[in-house]
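Notes for the one structure printed next.
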Amino acid sequence: MAEHLQRHELPAGHLDAAKMPGHWLLARLGKRVLRPGGRELTRRMLDGLDVGNSDDVVEFAPGLGETARWTLSRNPASYTAVDRDAAAAELVRRTFTGANRRCVIASAEATGLEDASASVVYGEAMLSMQTPARKTAIVREAFRVLRPGGRYAIHELCLGPGNVPEETRDAVRRDLSGTVHVGVRPLTVTEWRELLESEGFTVEDPMTAPMHLLEPARMIQDEGVGGAARIAWNMVRDREARGRVLEMRRSFRRHADHLCAISLIARRPSSDSAE
């Protein structure tokens, strides 16, 4: 579990709190749920994917392995995590029980997996951090890896409502990237849908949630009272980390009118419908 992780076990764990990417800093403090829409939106995504014991599942960039645990509780036929960071891969391997579970060290846009080898592919909180070209490459790779009729899901940051002026987009990107220490490039609902459709997917109606990752009520909902209290205690003891977390929360609040979380479920068309 994330609360037992030592600093050296985390990706970028050698960095001090002022320089660590925000999500790994939160993990160091004991936060397990690092997705923008929280535990609830992830569960809605998994319900939409309807993973069962006949599914071959691929997860891109599994992070701490929290969603992997929920997926594995559904007992899929196989599960493959894809992560380019060896330290992150080791974290997710700890979640594995049973046969046909593995972690591949590779990038999400070039997994090395066989064509049409999965019935379900999903990724969370990773496309938002990519350039437009890499976003497209990752979605294209998901399409390639999926069998006809397979399901693909994303859970990401989203800009809105509706179209967002370019100056507002730039302000959100600059502010979030500066505080999280990772490039942040969210899209609008329409743009996320168009990204998936441009690579051949059929997309269902979006599911959204407020971007309340660091709000007290969401922290308790995601981590439980004990988990939220542990994170708060760790922040009290680490002044530098506390400053970073509060800075991130201020940034999220500044842009609350234009920032939310989104999940989309998409399908690779079946052979018959693709003809």
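Read the figures in this text as sums done on the coordinates, not as results from a lab. On a predicted model such as this, the values are computed, not experimentally measured, just so you know. Reconstructed Cβ throughout: ideal geometry from the backbone, glycine too, with neighbour counts over all protein chains shown.
Subtract the Cα-Cα distance of N163 and Q221 from 0.36 nm times their separation in residues, and report this length gain in nm to one decimal.
Gain on extension, N163 to Q221, equals 17.8 nm.
Taking square-rooted eigenvalues a ≥ b ≥ c of the alpha carbon gyration tensor, is segment 86-178 rounded, prolate or oblate, where a/c under 1.5 means rounded and, failing that, a/b exceeding b/c means prolate?
Cα axes put segment 86-178 in the prolate bin.
Can you give the Rg/Rh ratio of segment 1-152, where Rg is from the C-alpha atoms and Rh is the Kirkwood radius?
Looking at segment 1-152, the ratio lands at 0.95.
If you average over every viewing direction, what projected area does the convex hull of the Cα atoms of segment 129-275 give, in nm²?
About 10.2 nm², averaged over all directions.
Using only Cα atoms and rounding to the nearest 10 degrees, what angle (0 to 90) does helix 38-49 make with the longest principal axis of the chain?
Here the helix axis deviates by roughly 0 degrees.
If you count, for each residue, the other Cβ atoms within 10 Å and average over each peptide, how do 77-88, 205-216 line up from highest to lowest?
77-88, 205-216
FRET efficiency for D16 and T97, Cβ-Cβ distance as r, R0 = 41 Å, nearest 0.05?
Calculated transfer efficiency: 0.70.
Contact order normalised by length for the chain, with contacts defined as Cα pairs under 8 Å and 6 or more residues apart; what percent is it?
Relative contact order, the chain: 24 percent.
Normalised by the number of residues in segment 167-261, what is the relative contact order in percent for Cα pairs under 8 Å and 6+ residues apart?
Answer for segment 167-261 is 35 percent.
Can you tell me the equivalent ellipsoid semi-axes for the chain? Use √(5λ) from the Cα gyration tensor, largest first, whole Å.
With the √(5λ) rule applied to the chain, the semi-axes are 29, 23, 16 Å.
What distance in nm separates the two pseudo spin-label positions at A229 and E90, each 7 Å out from Cα along the beta-carbon direction?
3.2
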